[in-house]
Structures are given as structure tokens and as C-alpha cells.
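**Q** Have a look at this one.
Please treat every number below as a calculation from the coordinates, not as lab data. For clarity, every value in this text was computed on a predicted model and none was experimentally measured. Glycine gets a Cβ as well: all are built from the backbone with ideal geometry, and neighbour counts include every protein chain shown.
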């Protein structure tokens, strides 16, 4: 979507493309039993995981400790965007506060989804991470301060059970 501005008195017309190129991460969520949704975010973090190392001392072997593979821990995914007033993500988070057996729009529904990183023209996906069985553990809106010239930032944190980097589609 393009937006033109200018006063018509010889000033140069500028075109803005929305979403702005700085928002080059598209997140698609598929809630089980509900429709799929997508949103653009300015920042995505938590794309990491680590595997625990289990030290084992073996009787009779005193010069070393065996290093065995333990469980894998997935970091929470943190998504940030300018606050738009759309309450969909907040409603999903609030449904987890309501609990089982209560009436909620999204009753304890986990989501699978993808995070796509686009080039600055927003036409080519350069990387995609897929995650499974995510649920919202935290929602936050940044400080609202009328004395500052800042955009309110909405933050959503997702716990999940797996993350995989997919090769870019050509």
C-alpha cells in the first residue's frame, strides 16, 4: 500500500510503503481449531536453544569425566511491534489466564507458526524459522509517556516446544 504526500506547490512527493521496511519480520500463527493469522514485527529474539551436558564419572577412570547429551531447552520467542490497538494477541494471552473449562475466545490453544525474515523490499523471504506448540507466556505494552515522542511497543513472549530453520524458498 502506498501513501503519497505533498502540498501541490512544487514540493517533492514522497511515497511510503506499508508495512515500513524496518518491519521485516512476518510471523504467521496457526491456532489449532481457529483461522491462521499473520502480523509484522520490528524485532524477534529468542531464536536459540541449548542442550544440557550431563557429566558422568565412571568408576576406575580417574583422568576424565564423560560428557553425555542431556535435555534440550528452547528459549522463549520474543516478538515486538508498534502497538496497533488490535487486541487479538492480548485476547489469546488472556485466554490462558481464564483456564480450562471457562468461557474464552481461544481456550488454552497452542499455536504452530513461522517467523519469516524479509529483505528490505519485503518481496523476498531470506530465512524462515518454524516453531511448534507455542503459547503466550507474557504480553506487555511499553510505557505510555506523553512527554516523549516514542511509539508504544507491544511485546509478546511465546514458550514453545521446538524451532527449526528452513532453507529459503527459491
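**Q** Can you work out D for region 19-166 in µm² s⁻¹ from Stokes-Einstein, where Rh is the Kirkwood radius over C-alpha pairs, the temperature is 37 °C and the viscosity is 0.692 mPa s?
**A** Translational D for this selection: 186 µm²/s.
**Q** Something else: Where a ≥ b ≥ c are the square roots of the eigenvalues of the C-alpha gyration tensor, would you call region 34-88 rounded, which needs a/c under 1.5, or, failing that, prolate if a/b is larger than b/c, or oblate? Can you show the working numbers first?
**A** On the way: a/c = 6.82, a/b = 3.93, b/c = 1.74.
In terms of gyration-tensor shape, prolate.
**Q** Full extension from residue 117 to residue 65: what is 0.36 nm times the residue separation minus their Cα-Cα distance, to one decimal in nm?
**A** 14.6 nm
**Q** Let me ask you something else. Which of rounded, prolate, oblate describes region 131-170, given a ≥ b ≥ c as roots of the alpha-carbon gyration tensor eigenvalues and a/c under 1.5 marking rounded, otherwise prolate only if a/b is larger than b/c?
**A** Oblate shape, in that a/c is at least 1.5 and b/c is the bigger or equal ratio.
**Q** May I ask you to sort 58, 27 by Cβ crowding, counting other Cβ atoms within 10 Å and putting the fewest first?
**A** On the way: 58 9, 27 23.
In increasing order of surrounding Cβ atoms, one gets 58, 27.
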